[in-house]
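Novice: Quick one: this structure, given as structure tokens, is what I'll be asking you about.
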Amino acid sequence: MSLTTHMSIIRRAAAGFAAAGMLIALSACGSSSPAEAADSAGQANNPLEVVASINQWGSIATDLGGDHVNVTNIMTKTNVEAHDYEPTAKDIAQIGAADVAIVNGADYDSWASKAAQSTKAELVDAASTAGIEDGDNPHVWFSAAVRKATADAITKAYQKADPANSDAYDKLNQAWHKRESALETNIKTASSTLKNLPYAATESVAWYLADDLGMSDATPTGYAQAAANESEPTPSDIKDFKSALENGSIKMLVFNAQEANSTTDQITGAAKTAGVPIVELTEQMPAQYDDLLDWMGALVNQFDQAA
């Protein structure tokens, strides 16, 4: 082999090594390490952390988020009064770590509203979505208008916190509204029987549902005011209530079994004696339901069948 040929081979080999080195360097600059790629995939697949103060709104949050969310409900039992609930350190920590926090508002769960305000979480206040303020009836999950407004607010919060899945949240929202519309069709059908029916309630927890059904609240004023103020009704208030049941001016009694006591025992006893039908319900969603719309549908049937 001549010297010239030998030097040519060396130059070609050197050029080949240099080109290979450049390709390796470019590859390193343009891609992640296996560990970095795994981290990136994990972040993309992590569901939003969602915390709801009560399971009524937590159920809607689950419906609207599907596999893209992980929902934690703080209050889940019917033997707990939300107004008096004392949050634990764990409750506060969960709200603090949430991507989206959902509270009822209207001073129903002020502890949750306060905890969420100082966090990074997108905050949804159910009552405020429909203009319901502190001092108004706070049991807003019984209202079709509030359910719809809150569902839309939750979807917007999800899309803001997780824009990559915005289309999926739109589809889940549409599916939820379809179910809510079916419920409202049942409410409209039941209202043909219940419209203007005078009813009374041991507490006004289901007032919004009764209003959607077109019923007329005939709870004696003194008793209603005492219940709203969480004070004891006077003997005169109780007497007026029992008399209204006995004389037939009240056609249905709505009884909050979550707040049963000696006073409500007198009221329900008078209703049974007078043959007035009783619709028994709780303030919180019962354990046998994990979906708010299913529970509302069952209650509509109860009202309709009791009429």
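Novice: Once the dipole of the chain is set up with Lys and Arg at +1 and Asp and Glu at -1 on Cβ about the Cα centre, which of Ala127, Leu48, Ala244 lies farthest towards its positive end?
Specialist: Projecting each Cα onto the dipole axis, the largest value belongs to Leu48.
Novice: Report, largest value first, the span of the C-alpha coordinates of the stretch 192-306 along each principal axis, in whole Å.
Specialist: 40, 29, 23
Novice: I would also like to ask the following. Return one quarter of the surface area of the convex hull spanned by the alpha-carbon atoms of the stretch 98-204, equal to its mean projected area, in nm².
Specialist: On the way: hull surface 32.8 nm².
With every direction weighted equally, the projected area is 8.2 nm².
Novice: With a cap of 16 neighbouring Cβ atoms within 10 Å, and only residues DSSP puts in a loop, list the trypsin sites (Lys or Arg not before Pro) found in the stretch 152-219.
Specialist: Numbers: sites: Lys156, Lys160, Lys171, Lys178, Arg179, Lys188, Lys195; in loops: Lys195.
When the trypsin sites (Lys or Arg not before Pro) of the stretch 152-219 are filtered for loop state and at most 16 Cβ neighbours within 10 Å, Lys195 remain.
Novice: Among Ala227, Met296, Ala274, whose Cα lies farthest out toward the positive end of the dipole of the stretch 197-307, if unit charges sit on the beta carbon of Lys, Arg (+1) and Asp, Glu (-1)?
Specialist: Ala274
Novice: Using Cβ counts within 10 Å as a stand-in for footprinting exposure, how do Tyr199, Tyr158, Tyr85 rank, fewest first? Could the numbers behind the result be given before it?
Specialist: Working: Tyr199 25, Tyr158 29, Tyr85 18.
Ranking Tyr199, Tyr158, Tyr85 by Cβ neighbours within 10 Å, fewest first, gives Tyr85, Tyr199, Tyr158.
Novice: Report the extension gain between Gln174 and Val80 in nm, rounded to one decimal, defined as 0.36 nm multiplied by the number of residues separating them, less their alpha carbon distance. Walk me through the intermediate numbers first.
Specialist: On the way: separation 94, 0.36 × 94 = 33.84 nm, distance 3.29 nm.
So the chain would gain 30.6 nm between Gln174 and Val80.
Novice: Using only the alpha-carbon atoms of the stretch 168-255 as identical scatterers, what base-10 log of I(q)/I(0) does the Debye formula give at q = 0.15, 0.16, 0.26 Å⁻¹?
Specialist: Evaluating at q = 0.15, 0.16, 0.26 Å⁻¹ gives log10 I(q)/I(0) of -0.64, -0.69, -1.22.
Novice: With a Förster radius of 41 Å, plug the Cβ-Cβ distance of Asp217 and Lys156 into 1/(1 + (r/R0)^6) and report the FRET value to the nearest 0.05. List each step's numbers first, then the result.
Specialist: On the way: r = 33 Å, r/R0 = 0.82.
That pair, Asp217 with Lys156, gives E of 0.75.
Novice: Based on the Cβ-Cβ distance from Gln117 to Asn46, what FRET efficiency comes out when R0 is 22 Å, to the nearest 0.05?
Specialist: Values: r = 24 Å, r/R0 = 1.11.
Step by step, r from the Cβ atoms, then E = 0.35.
Novice: Given the Cα-Cα distance of Asn186 and Ala257 and 0.36 nm per residue of separation, how much length would full extension add, in nm? If you can, show how the numbers build up before the last one.
Specialist: On the way: separation 71, 0.36 × 71 = 25.56 nm, distance 2.44 nm.
Extending this stretch completely gives an extra 23.1 nm.
Novice: Here's something else I'd like to know. Using a simple charge model, +1 on the beta-carbon of Lys and Arg, -1 on the beta-carbon of Asp and Glu, nothing else, what dipole does the chain show about its Cα centre, in debye to the nearest 20?
Specialist: 1380
Novice: Based on the alpha carbons, how large is the Rg to Rh ratio for the chain when Rh follows Kirkwood?
Specialist: Values: Rg = 29.7 Å, Rh = 22.7 Å.
Checking Rg against Rh, the ratio lands at 1.31.
Novice: Then there's this: Give the cross-link partners of Lys114 among the lysines, using a straight C-alpha distance below 17 Å as the criterion and excluding same-chain residues fewer than 8 apart.
Specialist: Lys90
Novice: Right, next: Quick check for me: using +1 on Lys/Arg Cβ and -1 on Asp/Glu Cβ, what's the dipole size of the stretch 217-306 about its Cα centre, in debye to the nearest 20?
Specialist: On the way: 4 positive and 14 negative charges, 96 e Å.
Computed about the Cα centre, the dipole is about 460 debye.
Novice: How many nm separate the modelled label positions at Asp290 and Gln266, each set 7 Å beyond the Cα in the direction of the Cβ?
Specialist: Computed distance between label sites Asp290 and Gln266 equals 4.3 nm.
Novice: Let me ask something else about it. Mind sorting His83, His139 by how few other Cβ atoms lie within 10 Å of their own Cβ, fewest first?
Specialist: By the 10 Å Cβ count, ascending: His83, His139.
Novice: Moving on. Cut-off under 27 Å on the C-alpha distance; same-chain residues fewer than 8 positions from Lys188 excluded. Which lysines are left, in chain and number order?
Specialist: Here the lysines satisfying the reach criterion relative to Lys188 are Lys148, Lys171, Lys178, Lys251.
Novice: Charges at C-beta only: +1 for Lys and Arg, -1 for Asp and Glu. How large is the resulting dipole of the stretch 47-184 about its Cα centre, in Debye rounded to 20? Can you show the working numbers first?
Specialist: Details: 11 positive and 21 negative charges, 64 e Å.
The dipole of the stretch 47-184 has a size of about 300 debye.
Novice: While we're looking at this one, here's another question. Going by how many other Cβ atoms sit within 10 Å of their own, how do Asp304, Asp99 line up, fewest first?
Specialist: On the way: Asp304 18, Asp99 21.
Least crowded to most crowded, the residues run Asp304, Asp99.
Novice: Could you give the length gained on full extension between Asp107 and Ala93, defined as 0.36 nm per residue of separation minus the Cα-Cα distance, in nm?
Specialist: On the way: separation 14, 0.36 × 14 = 5.04 nm, distance 2.08 nm.
Here the answer is 3.0 nm.
Novice: Same structure, new question: Counting each DSSP H run of 4 or more residues in the chain as -39500 (n - 2.57), what helix-only mean residue ellipticity at 222 nm follows after dividing by all residues, to the nearest 500 deg cm²/dmol?
Specialist: On the way: 13 runs with 172 residues, N = 307.
The helix-only estimate for the chain comes to -18000 deg cm²/dmol at 222 nm.
Each value in this text was obtained by applying a stated rule to the coordinates, not by laboratory testing. Treat the numbers as computed from the prediction; the structure is a model and nothing was measured. Positions of Cβ are generated from backbone atoms using ideal geometry, with glycine treated the same way; all protein chains shown enter the neighbour counts.
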